[in-house]
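Here is the structure we will look at.
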Amino acid sequence: MTQINYQKKTLNMNTKLLLTGLLIITISALAFGQDEVLNKFAADMQSGNTQDLLSFLNDQVEISIDGQSNSLSKGESVNLIKGFLSKHPVSAFQYKHKGSSGNTGYAIASMVSNGQNYRIMIRMKDNTIEKIEFKPE
């Protein structure tokens, strides 16, 4: 009887260790994916290459520029950002804060264009951007 209890405890402990390991790997993969998306977003903002944004935008994106908010498709979102960047070319872009919880991530960045500072807030889910907010400071 003692040997059977020992085998059950060992099996339970091995199962718990395996599940814990899988959870850590999953969280790490999500965090890595979010960093990759944010790095690509920053590069695209600085270069003005908005077509590359299509690869990491959600199917529907909430975009807010100067307080006007719209829920748009990927293509419409790219066109709106392209129009914004044509009037406000980026001279500096820097992330101030990044974070995540489960499969949701966010970032706060500062952007400078034509001497004007902007605060950019980005919200992601499953490594796709679902909300972008451009606010003049």
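The values are calculated or read from the model by the stated rules, or taken from the named source; none is laboratory data. Please read these numbers as outputs of a predicted model, since none were measured by experiment. Glycine also receives a Cβ, built like all others from the backbone with ideal geometry; neighbour counts cover every protein chain displayed.
Tell me, which residue of the stretch 75-97 that is within 20 Å of ASP35 (Cα to Cα) and surrounded by 13 or more Cβ atoms within 10 Å (Cβ to Cβ) is farthest from the chain's Cα centre (by Cα)?
PHE93
Would you pick out the residues in the stretch 105-119 that are on the phi < 0 side of the Ramachandran plot and free of Cβ contacts under 8 Å to residues at least 24 places away in the same chain? TYR106, ILE108, VAL112, ASN117, ARG119, listed by residue number.
So which residues in the stretch 41-73 are closer than 19 Å to MET121 by Cβ, in a helix (DSSP H, G or I) and touching a residue at least 12 places away in the same chain (Cβ under 8 Å), if there are any at all?
Of the stretch 41-73, the ones closer than 19 Å to MET121 by Cβ are 41-46, 50, 53, 56-58, 60-72.
Going one step further and asking which of them are in a helix (DSSP H, G or I), we end up with 41-46, 50, 53, 56.
Within the stretch 41-73, PHE41, ALA42, MET45, GLN46, THR50, LEU53, PHE56 meet the criteria.
When the stretch 98-115 is examined, which residues are found to be loosely packed, with under 15 Cβ neighbours inside 10 Å and modelled with pLDDT under 95? Within the stretch 98-115, GLY99, SER101, GLY102, ASN103, THR104, ASN114, GLY115 qualify.
Scanning the stretch 51-74 for residues that are over 20 Å from the mean Cα position of the chain (by Cα) and either under 14 Å from GLU130 (Cβ atoms) or of a type in the set (Asp, Glu) (or both) turns up just one, ASP66.
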